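Below is one structure, written out as C-alpha cells; comments come after it.
The values are calculated or read from the model by the stated rules, or taken from the named source; none is laboratory data. Remember, it's a predicted structure, so these values are computed and weren't measured experimentally. Because the Cβ atoms are built from the backbone with ideal geometry, glycine has one as well, and the counts that use them run over all protein chains shown. Note: areas computed on protein heavy atoms with side chains; ligands, DNA, RNA excluded. Shrake-Rupley method; radii C 1.70, N 1.55, O 1.52, S 1.80 Å.
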Amino acid sequence: MCGIVGYSGSRKASDVILDSLRRLEYRGYDSAGMVIVNGRLEMHKEKGELKALESILPDIEGITGIGHTRWATCGAPSRDNAHPFMSNDRSLALVHNGIIENYIPLRNSLISEGAAFYSETDTEVLVHLIRKYHQGDLHAAVRRALEDVRGTYAIAVVEEHSPDIVVARKENPLVLGSGVGENFVASDVTALLEYTSDVLYLMDGETAIVTPGAIRIFDAGGAAVEREVSKIDWSLEEARKGGFEHYMLKEIYEQPHSITETIISYIDDLENLEILPSRPITGMKILACGTSYNAGLVGKYIIEEMAGISVQVELASEFRYSTKTNQCPLVVLITQSGETADTLAACREAKLRGCHTLAITNVVGSSITREADTILLTRAGPEISVAATKTYTAQLVSLYMLASLLAYNNRSLGEEGLRAMKKDLRSLPNYVSAVLDRASSLRDAAKMFKEARSAFFIGRNRNFPTMLEGALKLKEISYIHAEGYAAGELKHGPLALLDEKTPLVASCLNDHTYDKMMSNVSEVAARGSPVLLLAEDDDADCETVADLVIRMPPVKPLFTPVTLAVALQLLAYHVAKERGMPIDKPRNLAKSVTVE
Ligand code: F6R
C-alpha cells in the first residue's frame, strides 16, 4: 500500500523523510521517492527498496519535503511511475495515495492544453491540474483542481520557494503530526511516532496547510476547522496494526475501502475493458488455489447466472491432469500474490492449450502479470496476515465486474442492466460496513466454538462456496477441523459426524434456497448439533431451529457471497482469538506458496 510522508520544520528534510518512509516499509512497496524544497524542487526517486533510493540520494540541505513509497496499481513498478510527480515547469510536486477514476479524460484534455506526461499513472494528472489552476495560491489551486477529480485520494503538494505543504484527503487516510517549530504529514501514524505523539486527523473532504509553525485545517467549503490534537501512545507494532490487535482484523475492517478501490478503477468504463479474447466465449475455466479457488467457485455461479456461460472451476494444481483435448477460449487464473507456483504452472499449461489467459491478481509486476495475456487487478493493497480476507472480497468484486462484462458482450445484460449493476457494485461497500458494524454478535458467537474439535458449514447455490471459504478460514487460524458442504450433501454421508459437540454454521438468507436450507438445518438440529444461523433481519422463523442467529443486513441475493464472507471472516477471527492462536501467522502456512 502506498505511503505518504511530509516534513516542514528546521531539520534536514531528506533525513526525516527517509527515516519516516522506512517506518512505512512494512506496508509493502515497489518504488520510492522524495522532493525537497531547496531553493528549487529537488526530486529523487528509484524503483525497488528504499536502499536503492538512499544510494542515489545526494546531500540535500532543504528543510521542507514530501516522500512516497509506491505499491503499483496504475502502471508497472518503475522509476518513471514512482512518486513524486512534478509540473512541467518544475514549480510544483505532489505525492498521492488512491485512485483518480477519471484520469483518462483529464489526461487527454491536459495534453491538448500542452501538458507533457512522463508516466503511466493516474496520479500525474493531479500535478498538471493543480499547476493549471495555480494563480499564486497553492491551497486555492489544490481545492479547485480537486473539483475536477473523481476518485479517492490523500495528497501532499509542495512548491518551490515555500515551506508550506498543502494536503487533502478523500477516502484515504492522512494524519498530521504536530511538533515544536516543525510539523509532519503521513498516511499512517507509524511514520510519525519517532518525532511526535501529537497528531491531528484529517477528515474526508478536508484540506490543510502545514508549515513549520502551524497546521491549518479547512472543511470542504474552505472554512477554517478547529481540530483537537490526539495523543498517540501506541508502540510501533501497535501503530502498524492501526490500533487493531492483529493484521487480520485490520484487513477485515479495510474491506469497504479495498472493495471501493477495486471497483472504481474499472467500473466507469467497464464495457470497454480490453481483457477478453476476440473469439466468442462459449465456455470458460477458472483455475486457482485455496481461498482464490473459493472465489472462483463463487465466480462460476455469478457468471453462469448473469452471462449464461458455462464455467468449470478447477484447482490449479490439478489442471495439468485434466483432458488436453478440451480447448477453451478463456481461462481465468485467480491469485492474490501472483506468485503461486501451481497457478503459474496452470497459466503456462492453458497457454500451451491455446487458451486466452486472464489473471485476477493483487500484485502488479508479480509473475502472473508477466505470463497471462491480460490482467484484472484487485486493488486491496498488500495483505500481511497469512489468512486472505480483503483480497478475497476484492477477487469477488472483480468477478462481478467480469460477469457483467461477459453478460454485456453476449447481450444477456443490456444498457439498463449494466447501469443498475454498476450502481449496485458502488453501494456494496456500505453493506460490508453494515456487517462490520455488527461484529460484536460474531464475537459472542465465537464462544460456541471454543471447545469444538470439528465444525460444519453449509449453504446452497452461490452461498455454498462462501461456506467452503468460511470453513477454510476457521481451520487455518483456529486449528479446528472444519468442512464446508453444499447443504443438500449432508445427508449423503457427513451427517454421521454431527453430534452435540459439532457446531453447524448455515447461511439461511431470503432467497430461493431458503426453504430447503431450513429443512437441512432442522435435520441437523434434530441430532443435537449446536446451530449458528446467518439470517436476515426480518426473518423470525429462523429462531425456531437455531441456537444462535447472526443477523445479516438485507442485500440483493447476487451479492450475499460478499457480506457472508465478511461475517465468516470475523467469526473465524474471534474463534481463533478465544482459543489464543497466533492469528496472523498460523503454523505451517506461508503467505505465498511458491512450490508445486
Ligand atoms: C487462505 C489463503 C490461501 C491462498 C492460496 C492461494 O487464507 O490465503 O489458501 O488463497 O495459497 O494464494 P494466491 O491467491 O496468492 O494464489
Residues within region 472-523 that are of a type in the set (D, E, K, R), within 30 Å of Asn588 (Cβ to Cβ), part of a helix (DSSP H, G or I) and in contact with a helix residue (DSSP H, G or I) (Cβ under 7 Å, 6 or more places away or on another chain), tallied
1
Check whether at least one residue in region 122-135 is open to solvent by 40 Å² or more (accessible area, probe 1.4 Å) and either in contact (Cβ under 8 Å) with a residue 60 or more places away in the chain or hydroxyl-bearing (Ser, Thr, Tyr) (or both), and report yes or no.
yes
Subset of region 330-354 that is more than 23 Å from the chain's Cα centre (by Cα) and open to solvent by 10 Å² or more (accessible area, probe 1.4 Å) - its residue that is farthest from the ligand (Cβ to nearest atom)
Gly354
How many residues of region 318-350 are hydroxyl-bearing (Ser, Thr, Tyr) and modelled with pLDDT of 95 or more? The answer is 2
Report yes if some residue within region 95-108 is out of contact with any helix residue (DSSP H, G or I) (no Cβ under 6 Å at 6 or more places or on another chain), part of a loop (DSSP other than H, G, I, E, B) and open to solvent by 70 Å² or more (accessible area, probe 1.4 Å); otherwise report no.
no
Just to check your reading of the model, which residue among Arg438, Arg460 is open to solvent by 20 Å² or more (accessible area, probe 1.4 Å), at pLDDT below 95 and within 17 Å of Met552 (Cβ to Cβ)?
Arg438
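Could you tell me which residue of region 546-560 is nearest to the ligand (Cβ to nearest atom), considering only residues that are buried (at least 19 other Cβ atoms within 10 Å of the Cβ) and assigned to a loop (DSSP other than H, G, I, E, B)? Lay out the reasoning, then the answer.
Keep residues of region 546-560 that are buried (at least 19 other Cβ atoms within 10 Å of the Cβ), which gives 546, 549-550, 552, 555, 559-560.
Subsequent filtering for residues that are assigned to a loop (DSSP other than H, G, I, E, B) retains 546, 555.
On the way: Ala546: 27, Val555: 23 Å.
Only one residue fits best here, namely Val555.
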In the set Ala76, Ala141, Ala116, the lone residue that is open to solvent by less than 20 Å² (accessible area, probe 1.4 Å) and either of a type in the set (A, V, I, L, M) or part of a helix (DSSP H, G or I) (or both) is Ala141
Among Ser8, Ser31, which is of a type in the set (Ser, Thr, Tyr), buried (at least 24 other Cβ atoms within 10 Å of the Cβ) and in contact with a Ser or Thr (Cβ under 6 Å, 6 or more places away or on another chain)?
Ser8
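List the strands (runs of 3 or more DSSP E) that sit entirely inside region 170-225 and contain at least 1 residues that are among the small types (Gly, Ala, Ser).
Numbers: elements: 175-178, 183-186, 198-201, 207-210, 215-218.
Those strands (runs of 3 or more DSSP E) span 175-178, 183-186, 207-210.
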Within the set of pairs 6 or more residues apart or between chains, which connect a residue that is surrounded by 13 or more Cβ atoms within 10 Å (Cβ to Cβ) inside region 493-511 to a residue that is in a loop (DSSP other than H, G, I, E, B) with Cβ atoms less than 6 Å apart?
Leu498/Arg527; Leu498/Ser529; Thr502/Ser529; Pro503/Ala452; Pro503/Pro530; Leu504/Ser529
Just a yes or no: is a residue in region 561-573 away from the ligand (no atom under 16 Å from the Cβ), open to solvent by 60 Å² or more (accessible area, probe 1.4 Å) and either without any contact (Cβ under 8 Å) to a residue 12 or more places away in the chain or under 31 Å from the mean Cα position of the chain (by Cα) (or both)?
no
When region 408-436 is examined, which residues are found to be more than 15 Å from Tyr266 (Cβ to Cβ) and of a type in the set (A, V, I, L, M, F, W, C)?
Leu413, Ala420, Val432, Ala434, Val435, Leu436
Cβ pairs under 9 Å, 6+ apart or interchain, first in region 278-292 and more than 16 Å from the ligand (Cβ to nearest atom), second of a type in the set (Val, Ile, Thr) and in a helix (DSSP H, G or I), ordered by first then second residue, are Met284/Ile303
For region 293-324, name all the residues that are within 16 Å of the ligand (Cβ to nearest atom), of a type in the set (Phe, Trp, Tyr) and more than 16 Å from Gln395 (Cα to Cα).
Phe319
Single residue of region 247-259 satisfying the filter (away from the ligand (no atom under 16 Å from the Cβ) and modelled with pLDDT of 95 or more) that is most open to solvent (accessible area, probe 1.4 Å):
Tyr253
Looking at region 226-246, can you tell me whether even one residue there is open to solvent by less than 50 Å² (accessible area, probe 1.4 Å), assigned to a loop (DSSP other than H, G, I, E, B) and either of a type in the set (S, T, N, Q) or touching a Lys or Arg at 6+ places or on another chain (Cβ under 7 Å) (or both)?
yes
Cβ pairs under 7 Å, 6+ apart, first in region 298-313 and small (Gly, Ala, Ser), second open to solvent by less than 60 Å² (accessible area, probe 1.4 Å):
Gly299/Ile286; Gly299/Val311; Gly299/Leu399; Ala307/Ala403; Ala307/Leu406; Ala307/Ala407; Ser310/Gly283
Taking region 369-395 and keeping only residues that are of a type outside the set (Gly, Ala, Ser), buried (at least 24 other Cβ atoms within 10 Å of the Cβ) and within 13 Å of the ligand (Cβ to nearest atom), one is left with Thr378, Glu383, Thr389, Lys390, Thr391, Tyr392, Thr393, Gln395
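When region 291-316 is examined, which residues are found to be open to solvent by 40 Å² or more (accessible area, probe 1.4 Å) and in contact with a strand residue (DSSP E or B) (Cβ under 9 Å, 6 or more places away or on another chain)?
Tyr293, Lys300, Tyr301, Glu304, Ser310, Gln312, Leu315
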Residues of region 312-371 being of a type in the set (Gly, Ala, Ser), touching a helix residue (DSSP H, G or I) at 6+ places or on another chain (Cβ under 7 Å) and in a loop (DSSP other than H, G, I, E, B), in sequence order, are Gly338
